[in-house]
Each structure stands twice: as C-alpha cells, then as structure tokens.
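Reading through the structure tokens given below for one structure.
The values are calculated or read from the model by the stated rules, or taken from the named source; none is laboratory data. As the structure is a prediction and not an experimental result, all values here were calculated from the model. Cβ atoms come from the backbone with ideal geometry, glycine included; neighbour counts cover every protein chain shown. Surface areas here come from the heavy atoms of the whole protein model, side chains and all, with no ligands, DNA or RNA. Shrake-Rupley method; radii C 1.70, N 1.55, O 1.52, S 1.80 Å.
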Amino acid sequence: MEKPVFVALDLDDEEKLNRILPKLGAPQETYLKIGMELFYNSGSQVVKKLVAQGYKIFLDLKLHDIPNTVYNGAKQLAGLGVYCITVHALGGSQMIGAAKDGLIAGTPNNQSVPKLLAVTELTSISDTILKYEQNCSLEMTDQVISLAKTAKKARADGVICSPLEVTKLRQEVGNDFLYVTPGIRPEGSANDDQVRTTTPKKAKELGASAIVVGRPITLASDPQAAYQAIKKEFN
Ligand code: C5P
C-alpha cells in the first residue's frame with residue numbers, strides 16, 4: 001500500500017484553501033494536514049466538505065486536557081471522517097487512552113476509526129527547556145522514547161517524530177507503530193525555517209511510515225508535479 005505523504009496546509013481561511021486545492025490533483029489521491037488555524041477560523045464544516053470530496057485528512061489539533069474532555073473532543077472529531085488526529089503524549093496514558101475510546105465511540109458504523117497519533121516533545125522544546133522548565137531528568141531522546149512507549153501502551157497508533165529519530169524509535173518501541181515525520185525537504189529545495197531536514201528518499205530509508213511536507217509543495221510553481229515527485233521518491 002502507498003505510504004501517505006501529507007501536504008501541510010498551514011493556512012487560515014477557506015479562500016486560500018480553495019486557491020491551492022485545484023493545484024494539488026485528484027482528492028482521492030491527496031492527503032492533507034489541516035491545523036488549528038483553519039479549524040479555528042472555518043470550523044468542522046470545512047473538514048466535512050474536504051472529506052466529502054474524497055480528501056484524506058490529518059487533523060492536527062494536538063488535544064491536551066483531562067481525559068474526560070479529551071474523550072468527548074475526540075468523539076466529536078471521529079464523526080468528521082478524518083484519517084488521523086493528534087494528541088500530546090504529555091497528557092499521559094489515561095488521556096491518550098481516553099482519546100482512543102472517544103474515537104471508537106464517535107466513529108459511525110460504516111467508517112474506519114481515525115488513527116491516533118501522539119506528539120512527543122515538540123521540536124521547539126530545547127534541551128534547556130526540557131531540563132529547566134519541564135524539569136525532566138531524562139535526555140531528549142530518552143524522553144521521546146519514553147513518551148512513545150507510553151503512547152503505544154495507551155493504544156495510540158503512532159507518533160509524530162523527526163525522521164532522525166525513527167531508527168531508534170523502531171528499535172525501542174517496535175515496528176507495529178506508525179512514525180510520521182515532518183522536516184522533509186527534497187534535494188535542492190529551500191530549508192525555510194526547518195533546521196535538521198531529510199529528503200523523502202532518506203526518510204523512507206530511515207523507516208518513516210508517512211511524511212508531512214508543506215512549503216516545498218504549496219509554494220512550488222507546479223504544486224501537483226512537486227507532490228507527485230515527492231510521493232514517488234518516498235514510495
Ligand atoms: O512547510 P513545511 O514542510 O516546513 O511544513 C511542515 C509542517 O509540519 C508544518 O505544518 C509544521 O507545523 C509541522 N511540524 C513540523 N515539525 C514538527 C511538528 C510539526 O514541521 N516537529
């Protein structure tokens with residue numbers, strides 16, 4: 001089966017969305033990552049519309065609250081028919097499990113349960129923040145592994161991680177788990193604000209289950225051709 005390449009649509013209104021969509025190709029073959037800016041601006045209606053058109057949606061809202069609230073939130077999101085959603089692994093095993101239960105409870109009978117992905121430590125968290133603000137005694141890699149193990153035990157389907165962490169995570173957490181990685185740049189494209197990037201080919205070699213790519217596709221002169229090329233390289 002083809003491994004997903006999610007196009008990160010970091011935009012905040014439907015007008016911008018409607019400008020980019022026709023440039024990406026057939027909805028049935030297109031995976032989109034929608035974030036909180038579009039969701040907060042245009043609501044769940046826009047997600048429903050995209051799902052109805054055939055797009056596969058990664059709804060990246062990074063839930064993090066008490067288990068009961070996350071259960072109810074995830075239950076609502078499950079009704080949208082999205083492909084996957086995210087929670088913060090730092091919310092703990094009970095919260096992650098509640099998200100899973102909410103997804104199961106909210107998924108209509110004829111649909112598949114959206115996949116549950118956990119964000120471990122955000123890439124914006126430095127070693128200093130980890131140590132002095134989160135008061136974490138583990139090194140970053142060990143903390144990421146520990147959170148991924150917690151997420152797996154709590155029945156998440158995978159984690160969001162750096163492509164450079166996948167090999168280690170596969171060894172420590174297992175192959176029966178999804179490793180979804182942003183920070184991807186095809187050979188020769190601008191790094192933008194990403195620091196440690198990897199090509200789609202390298203991400204595949206490192207064992208990524210799916211990749212997230214934004215600007216190299218959305219800002220390309222021919223987004224559809226850029227998307228197809230990245231899909232081909234990754235698969
Ligand atoms: O445009 P670009 O390819 O850099 O977009 C990457 C996407 O992945 C953005 O939506 C960004 O917020 C997200 N992301 C990331 N690094 C993480 C987690 C998410 O770049 N660690």
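When restricted to residues that are within 14 Å of the ligand (Cβ to nearest atom) and part of a loop (DSSP other than H, G, I, E, B), the stretch 148-173 contains 2.
The set of residues from the stretch 121-179 being of a type in the set (D, E) and surrounded by fewer than 16 Cβ atoms within 10 Å (Cβ to Cβ) comprises D127, E133, E139, D142, E172, D176. The criterion of at least 2 residues that are near the ligand (Cβ under 10 Å from one of its atoms) is met by the following helices (runs of 4 or more DSSP H) wholly inside the stretch 181-235: 215-218. Screening the candidates A154, A226, A208 for the property of being over 20 Å from K33 (Cβ atoms) and of a type in the set (A, V, I, L, M, F, W, C) yields one hit, A154. Filtering K33, K75, K49 for residues that are over 16 Å from A118 (Cα atoms), buried (at least 17 other Cβ atoms within 10 Å of the Cβ), at pLDDT 95 or above and of a type in the set (K, R) leaves a single hit, K75. Inspect all residues belonging to the stretch 122-141 and state whether any of them is within 12 Å of the ligand (Cβ to nearest atom) and in contact (Cβ under 8 Å) with a residue 40 or more places away in the chain. Scanning the stretch 122-141, I find at least one residue that is within 12 Å of the ligand (Cβ to nearest atom) and in contact (Cβ under 8 Å) with a residue 40 or more places away in the chain, so the answer is yes. What about E2, is it touching a residue at least 60 places away in the same chain (Cβ under 8 Å) and within 20 Å of S209 (Cα to Cα)? Taking the combined requirement at face value, the residue satisfies it. Would you confirm whether or not the stretch 81-93 contains a residue that is open to solvent by 20 Å² or more (accessible area, probe 1.4 Å), more than 26 Å from D193 (Cα to Cα) and in contact with a helix residue (DSSP H, G or I) (Cβ under 6 Å, 6 or more places away or on another chain)? Yes.
Output the residues belonging to the stretch 94-117 that are under 15 Å from F58 (Cβ atoms) and open to solvent by 10 Å² or more (accessible area, probe 1.4 Å). Correct list: S112, V113, K115.
Residues in the stretch 170-202 that are on the phi > 0 side of the Ramachandran plot and out of contact with any strand residue (DSSP E or B) (no Cβ under 7 Å at 6 or more places or on another chain): G174, G188, D192.
Residues that are without any contact (Cβ under 8 Å) to a residue 40 or more places away in the chain, closer than 25 Å to Y71 by Cα and in contact with a Cys (Cβ under 9 Å, 6 or more places away or on another chain) within the stretch 144-183 comprise V144, Y179, listed in sequence order.
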